[in-house]
Amino acid sequence: MEICQIEKVTMKLAQRVSQVTPSITLAIAAKAKAMKAEGIDVCSFSAGEPDFDTPAHIKAAAVKALEDGKTKYGAASGEPGLRDAIARKLSFENNLDFKPENIIVTNGGKHSLYNLILALIEPGDEVIIPAPYWLSYPEMVTLAGGKSVIVHTDAANDYKITPQQLRASITPNTKLFILNSPSNPTGMVYTPEEIKAIADVIVEKDILVVSDEIYEKILYDGAKHVSIGSLGAEIFARTIISNGFAKGYSMTGWRIGYLAGPDDLIKATITIQSHSTSNVCTFAQYGAIAALDGDQNCIEEMRLAFAKRREVMYDRLNAIPGLNCPKPDGAFYLLPDIKKTGLKSLDFCNKLLEQHQVAVIPGIAFGADDTVRLSYATDMATIEKGMDRLEKFVRSKI
Ligand SMILES: *Cc1c(COP(=O)(O)O)cnc(C)c1O
């Protein structure tokens, strides 16, 4: 048989590809993993997911659904039972009055946001994003042809956007503001008063807000999560909620999230989803129903474990001369300022990983080059060992 010669065709990729950057977070995590595979003892604080297994009753519900034959295509908008359960949850826990028709089940919170941006944003539209931000927000806006307006916030103000900053960044082209509380990467939680002040600006300027509430269950020291849409009819009409099961229920790999919002918008996202991904994995959605309807103790157990680790990592970080880190009330991240080391974040992370085998995420990925992100979604022994190494590294730099 003749051997075919492999022919290489030069293709011109769509321009949108060159405008987005691959995830730096994933690149560092991959490098740490490769080092581990070589047998190197790496302490990784790069994780963007809980280190716990999914609670057993949630897994059992998905297994049962699989055995019951929930293996076919379903409605693109989601299983009716799950949309009902989400509507009940939003009403009961968040004081948001959405009907099941106002909800779409998506392939994770990330996909919720992407559906939303595709349905809403077009060239000429501006989206206001406070930095440090979750790194996918601006990339999604770029993919939709819109413009991200990045508003830098200060450590002194706990990395929160002020109503004045928000007002000043609104132009006639502003369509959407992205609010993320508790925040990734800062861990900060806006107080009810701060949420109210932001809501007032949104109503006054008549723009929309998407509230990414994926970390709402992971709170400390009595912090309260208030959903911005619950503060009155005017702000409710301008609010879209994005949430999911990944963080609170430790279900990252399941890929289930949801978006709740005004009729026309949700209908548009269902149309987009019906031509792109169709329904979310059918039997997985039954696990999500069990998560919402079942015992919520599992969340509390994970939260308590995070709370202990947060104390240890926070104390250790702030005891290192040259690092300065505000204390966050939510999520599972700490974001120390590294300015005094004289290193830019990427350089800091590469040297720390190569010289001391500790993996952290460079703040440049979040629009904050003076910071690095540490996740404490890992065991206490790793935290202690990693902090010893980090301390040695930082002391050698200042
Ligand atoms: C993890 C995360 C999400 C969504 O994650 P999914 O796994 O897609 O549900 C959304 N927003 C932020 C800020 C996150 O950290």
Next item on the list: Could you tell me whether Asp329 is open to solvent by 20 Å² or more (accessible area, probe 1.4 Å), in contact with a helix residue (DSSP H, G or I) (Cβ under 7 Å, 6 or more places away or on another chain), of a type outside the set (A, V, I, L, M) and closer than 30 Å to Lys205 by Cβ?
Entry: no
Next item on the list: Only residues in region 172-196 that are open to solvent by 50 Å² or more (accessible area, probe 1.4 Å) count as the first member; pair them with residues that are within 13 Å of the ligand (Cβ to nearest atom), Cβ under 6 angstrom, at least 6 apart or cross-chain, and list the lot.
Entry: none
Check: Got a number for residues in region 346-369 being buried (at least 24 other Cβ atoms within 10 Å of the Cβ), in contact (Cβ under 8 Å) with a residue 60 or more places away in the chain and part of a helix (DSSP H, G or I)?
Finding: 4
Margin query: Take Ser77 and tell me if it is polar (S, T, N, Q), assigned to a helix (DSSP H, G or I) and assigned by TED's automatic domain parsing to the domain that holds Ile228.
Written below: no
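For region 292-311, does any single residue satisfy the condition of being of a type in the set (A, V, I, L, M) and part of a loop (DSSP other than H, G, I, E, B)?
no
Residue by residue, here is whether (1) within 16 Å of the ligand (Cβ to nearest atom); (2) crowded, with 20+ Cβ neighbours inside 10 Å holds:
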position: Lys72; (1), (2): no, no
position: Gly78; (1), (2): yes, yes
position: Asn94; (1), (2): no, yes
position: Ile104; (1), (2): yes, yes
position: His111; (1), (2): yes, yes
position: Ala155; (1), (2): no, no
Next item on the list: Quick one: in region 370-398, of everything that is small (Gly, Ala, Ser) and in a helix (DSSP H, G or I), which residue is surrounded by the fewest Cβ atoms within 10 Å (Cβ to Cβ)?
Entry: Ala381
Margin query: Residue pairs, Cβ under 7 Å, 6 or more apart or interchain, first in region 288-300 and over 20 Å from Ile104 (Cβ atoms), second assigned to a loop (DSSP other than H, G, I, E, B) and open to solvent by 30 Å² or more (accessible area, probe 1.4 Å). List them.
Written below: Ile299/Lys217
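The values are calculated or read from the model by the stated rules, or taken from the named source; none is laboratory data. Everything quoted here is computed from the prediction, not taken from an experiment. As a convention, Cβ positions derive from the backbone with ideal geometry for all residues, glycine included, and neighbour counts pool all protein chains shown. Ligands, DNA and RNA are stripped out before the accessible areas are found, and what is left, the full protein with its side chains, is counted by its heavy atoms. Shrake-Rupley method; radii C 1.70, N 1.55, O 1.52, S 1.80 Å.
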